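A short write-up of the structure that comes next.
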Amino acid sequence: MSFLTFCTKTLKDPGYPFRKLAWEVLQHTPEKIVRSKTRHGDLFYSSRDQGIGRLLHLTKEFDYGDIERLVQLTTSARNQNRPGRGMVLDIGANIGTVLIPLLRDGLFDRGIAIEPDPKNFQILEQNIAINGLGERVAALQIGLSSQSGKMTLFRSATSHGDHRVQSETTDAVADRIKVEVRIKTLDDALTEQNISAADISLICLDTQGHEAHVLRGASAILKHGPALLIEFWPWGLIKQGSDPKEVLVMLEASY
């Protein structure tokens, strides 16, 4: 960060330099689970997470502009007499930075949070609880793919939003910590939870390149055409053995 950028941030937010100093101190101590009030809600996060956790600590938000845009689109859809409330499905929920504000702000009545990483999932459950959403959210510690079973989760030591479920090792993940996780298709997961595909109003899908596999296992729900916010990352899709064009074809067929 340049000195000019640092000064600009400090002028806008006088507390910024103190949080930055505190974060630097945390990097020289054993991992801690930190709690802060953010734009997303009251959140726990790891002091070792240089991605989402670091930004939550320093700036009190992570991609909050995308959430605001999502709120605008959802509100617009309601004004056009399309279903707006109901249930939001957050696939790759991480620690809840997307799901929690959507429920907190009344955009949706209920939510399902799907997160395969054991550490992220533990923090996710804590964040759901401290924001008073325990009765409105079903949290599932599973990964999603085109078939049910088990797969390997390659955990990033530095960016806890970049863990990747993959069926084979590539150069991009070969040096990561490997954890075996349960995998289900989305259709099977909803059936086991006694949730109708018609109940889902919005799907947020961010699985670090595994999106095509998730969509293949979601044919039943896609028939209902719920609103869909999806990360489209061609490099990541290719690394997971998918053709980015295939994702567009699947989406075009349902939307």
How do ILE221, ILE177 stack up against each other in accessible area, from largest to smallest, with a 1.4 angstrom probe? ILE177, ILE221
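When you count, for each residue, the other Cβ atoms within 10 Å and take the mean per peptide, how do 48-58, 14-24 rank with the highest first? Walk me through the intermediate numbers first.
Details: 48-58: 20.7, 14-24: 12.8.
Ranked from most to least packed, the peptides come out as 48-58, 14-24.
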Of the accessible area of the chain, with the probe set at 1.4 angstrom, what percent is carbon plus sulfur? 53 percent
Residues meeting the amide H criterion for GLN50 (H placed from the backbone, H to H distance under 5 Å, 5 or more places apart or on another chain) are SER159, HIS160
Rounded to the nearest 0.05, FRET efficiency between ASP109 and ALA253 (Cβ-Cβ, R0 35 Å) equals 0.75
For the chain, the longest principal axis of the Cα atoms and the Cα long axis of helix 118-130 enclose an angle in degrees, to the nearest 10, of 80 degrees
Proximal charge balance of SER145 [Cβ under 11 Å; K/R count +1, D/E count -1]: +2
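Give me the Å³ per residue figure for the convex hull around the C-alpha atoms of the chain. Spell out each step's value before the answer.
Working: hull volume 35.9 nm³, N = 255.
Once divided by residue count, the hull of the chain is 141 Å³.
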Ellipticity estimate at 222 nm from DSSP helix runs (n ≥ 4, -39,500 (n - 2.57)) divided over the chain, nearest 500: -11000 deg cm²/dmol
Leaving ligands, DNA and RNA out of it, work out the accessible area of ARG110 with a 1.4 Å probe and give it in Å² to the nearest 10. 110 Å²
How much accessible area per residue does the chain have, counting only protein heavy atoms and a probe of 1.4 Å, in square angstrom? 50 Å²
Please determine, in degrees from 0 to 90 and to the nearest 10, the orientation of helix 244-254 with respect to the longest principal axis defined by the Cα atoms of the chain, where the helix direction is its Cα long axis. 60 degrees
Could you pull out every residue, at least 5 positions away or on a different chain, whose amide H is within less than 5 Å of the one on ILE230? Hs are placed 1.01 Å off N in the peptide plane, and Pro or chain starts have none. LEU205
Beyond 28 Å between alpha-carbons counts as too far, so tell me which of LYS37/LYS119; LYS150/LYS239; LYS32/LYS150; LYS60/LYS119 fall in that bin. LYS32/LYS150
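How big is the charge dipole of the chain about its Cα centre, in debye rounded to the nearest 20, if each Lys and Arg gets +1 on its Cβ and each Asp and Glu gets -1 on its Cβ? Before the final figure, lay out each step's value.
On the way: 30 positive and 31 negative charges, 129 e Å.
The calculated dipole for the chain is roughly 620 debye.
The values are calculated or read from the model by the stated rules, or taken from the named source; none is laboratory data. Note that the structure is predicted; figures quoted are calculated from it, not measured. Please note: Cβ atoms are built from the backbone with ideal geometry, for glycine as well, and neighbour counts cover all protein chains shown. With ligands, DNA and RNA removed, areas are computed over all heavy atoms of the protein, side chains included. Shrake-Rupley method; radii C 1.70, N 1.55, O 1.52, S 1.80 Å.
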